[in-house]
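The values are calculated or read from the model by the stated rules, or taken from the named source; none is laboratory data. Predicted model, so just to flag it, every value in this text is computed and none were measured. Neighbour counts run over all protein chains shown; Cβ positions are idealised from the backbone, glycine included. Surface accessibility is based on the protein's heavy atoms, side chains included, excluding ligands, DNA and RNA. Shrake-Rupley method; radii C 1.70, N 1.55, O 1.52, S 1.80 Å.
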Amino acid sequence: MDIYVRPGVTFWYLSQVFSIPLRLIIDSNRNVNPQLLTIGQTLRVPGYVTYNYQIRSGDTLWQIAQRNNLPVDTLFLVNPDLNPNRLQIGQVIRVPRRVTWRFVNGKQNYDYNTMMNDLWTLVAVYPFIQMESIGNSVLGLNIPEVVIGKGSKRVHYNASFHANEWITTPILMTFLNDYLLSLTNQNSIRGLSSLPLYIQTFLSIVPMVNPDGVNLVINGAPQNASWRDQVIEWNNGNSDFSNWKANINGVDLNDQFPAKWEEERARNPKTPGPRDYGGEAPLTQPEAIAMADLTRRRDFSRVLAFHTQGEVIYWGFENLEPPESETMANEFSRVSGYQPVKTLESYAGYKDWFIQDWRRPGFTIEIGSGTNPLPLSQFDGIYDDVLGIFLAGLYL
Ligand SMILES: [Zn+2]
């Protein structure tokens, strides 16, 4: 929500009158010098939207503000030309409303466009978060990253490396939305207050590593797509892509990382297909390259890659992980009921590469159970299990 600066307005005043943490007001106005505010300038207040209200007979500004649990001055901040002595019946004014509801509806076929619409909404309502592009998919879709907080603990979460595991995206997006809600409303989540998490951590989220694959599983191959015949052929003649994990080139993005890639290659398919083909070399696919570049640039303290399914937390790679990996896996297990497992016979994954090259904690978390793609009827149950892991990834 935008407000217009009047005499006496400071970041501190906005934080008091709207009851929003000062840190969030400051971070929502990154390009503003708080010492040099000018009358009429707009500032952003996170966690609010405005709606239009038509003045009726007998209305007073005080009553309108009261109905929204807000000081009357907030009406002047969003309506710079409002004259309280000249209120007209039928006049339309803007009224601030504190956001206490989720914008993300995770229980739907959550394709790339659905995610992007939700991200644009969240960035508009919570301008203290930032969205950046980490690169493009094979079909040219921007792969977004959202960053929240400026702390020294640098945490990364990603979802939908595998196309038919796309439920991981709305699960992660719902956590993002709930984290933002708890920050602006100063509500605790599972008894934890979130502002200290925001201050201590820098959270990077890539909610859909493989957007082309997710769209293929959810929406199928469009009749007019030049690549339609090719992916159907790779899919054994089937136009139902429920088993498809790969990107649109038929490369499994979680077999693309230079961590014993040759061993993984040796036991896997040598040609493109729905799953397990790791390409002709590590890091040939743009989505995998984008994730590798991001990871090198960001210097993460820890990474959590969300997959389905199995209710398992994989935390090791070739004994290269640091001792705290096991401690963390045990805490993730405690809060979710998921099983910690050190390793499985699998290489060339994102978390394998992270552990190998940085010797820091990296995890693959297999959420839910059943057959991929997991049905949306599991959404609430999975979210309830995984919420503790999302939080522990920040507080540990
Ligand atoms: Zn997976």
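Say we look at segment 311-323 and pick out the residues that are open to solvent by 30 Å² or more (accessible area, probe 1.4 Å) and either farther than 13 Å from G362 by Cβ or free of Cβ contacts under 8 Å to residues at least 40 places away in the same chain (or both); which of these is farthest from the ligand (Cβ to nearest atom)?
Within segment 311-323, the first condition is being open to solvent by 30 Å² or more (accessible area, probe 1.4 Å), and the residues that meet it are 311, 314, 318-320, 323.
Subset that is either farther than 13 Å from G362 by Cβ or free of Cβ contacts under 8 Å to residues at least 40 places away in the same chain (or both): 311, 319-320, 323.
On the way: E311: 13, N319: 23, L320: 21, P323: 26 Å.
Out of the qualifying residues, it is P323.
Matching residues to (1) basic (K, R); (2) at pLDDT below 95; (3) within 16 Å of the ligand (Cβ to nearest atom):
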residue	(1), (2), (3)
R102	yes, no, no
L119	no, no, no
L122	no, no, no
Q130	no, no, no
G135	no, no, no
I143	no, no, no
W166	no, no, yes
P207	no, no, yes
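In segment 222-249, what count of residues is obtained for those that are open to solvent by 30 Å² or more (accessible area, probe 1.4 Å) and within 16 Å of the ligand (Cβ to nearest atom)?
2
When segment 273-309 is examined, which residues are found to be part of a loop (DSSP other than H, G, I, E, B), open to solvent by 30 Å² or more (accessible area, probe 1.4 Å) and within 18 Å of Y347 (Cα to Cα)?
Once the filter is applied, which keeps residues that are part of a loop (DSSP other than H, G, I, E, B), open to solvent by 30 Å² or more (accessible area, probe 1.4 Å) and within 18 Å of Y347 (Cα to Cα), segment 273-309 yields R275, D276, E280, A281, P282, L283, T284, Q309.
Hey, can you tell me all the residues within segment 1-40 that are of a type outside the set (V, I, T), in a loop (DSSP other than H, G, I, E, B) and surrounded by 13 or more Cβ atoms within 10 Å (Cβ to Cβ)? Talk me through it step by step, then tell me what you get.
As a first pass, look at segment 1-40 and keep what is of a type outside the set (V, I, T): 1-2, 4, 6-8, 11-16, 18-19, 21-24, 27-31, 33-37, 40.
When the remaining residues are screened for being in a loop (DSSP other than H, G, I, E, B), the result is 1, 6-8, 19, 21, 29-31, 33, 37, 40.
Hits for segment 1-40 are M1, R6, S19, P21, N29, L37.
Which of the residues that make up segment 102-125 are over 14 Å from M173 (Cα atoms) and in contact (Cβ under 8 Å) with a residue 60 or more places away in the chain?
V125 - this is the single residue of segment 102-125 that is over 14 Å from M173 (Cα atoms) and in contact (Cβ under 8 Å) with a residue 60 or more places away in the chain.
All but one of (1) of a type in the set (A, V, I, L, M, F, W, C); (2) open to solvent by 10 Å² or more (accessible area, probe 1.4 Å); (3) touching a helix residue (DSSP H, G or I) at 6+ places or on another chain (Cβ under 8 Å) hold for L181, so report the exception by its number.
For L181, the failing item is (3).
Mind listing just one residue for me: the one in segment 250-270 that is without any contact (Cβ under 8 Å) to a residue 24 or more places away in the chain and within 25 Å of S239 (Cα to Cα) and, of those, surrounded by the most Cβ atoms within 10 Å (Cβ to Cβ)?
Per the criteria, the residue is N268.
Looking only at segment 250-280, which residues are of a type in the set (D, E) and within 13 Å of the ligand (Cβ to nearest atom)? Let's see the steps before the verdict.
Taking segment 250-280 as the starting set, the residues that turn out to be of a type in the set (D, E) are 252, 255, 262-264, 276, 280.
Matches in segment 250-280: D252, D255, D276.
Need at least 3 residues that are open to solvent by 30 Å² or more (accessible area, probe 1.4 Å) and not polar (S, T, N, Q) per element, so show me which helices (runs of 4 or more DSSP H) inside segment 51-131 make the cut, counting only ones lying wholly within it.
112-125
Can you give me the number of residues within segment 331-356 that are touching a helix residue (DSSP H, G or I) at 6+ places or on another chain (Cβ under 7 Å) and in a strand (DSSP E or B)?
2
Might you let me know whether segment 149-162 holds any residue that is among the aromatic types (F, W, Y) and within 16 Å of the ligand (Cβ to nearest atom)?
yes
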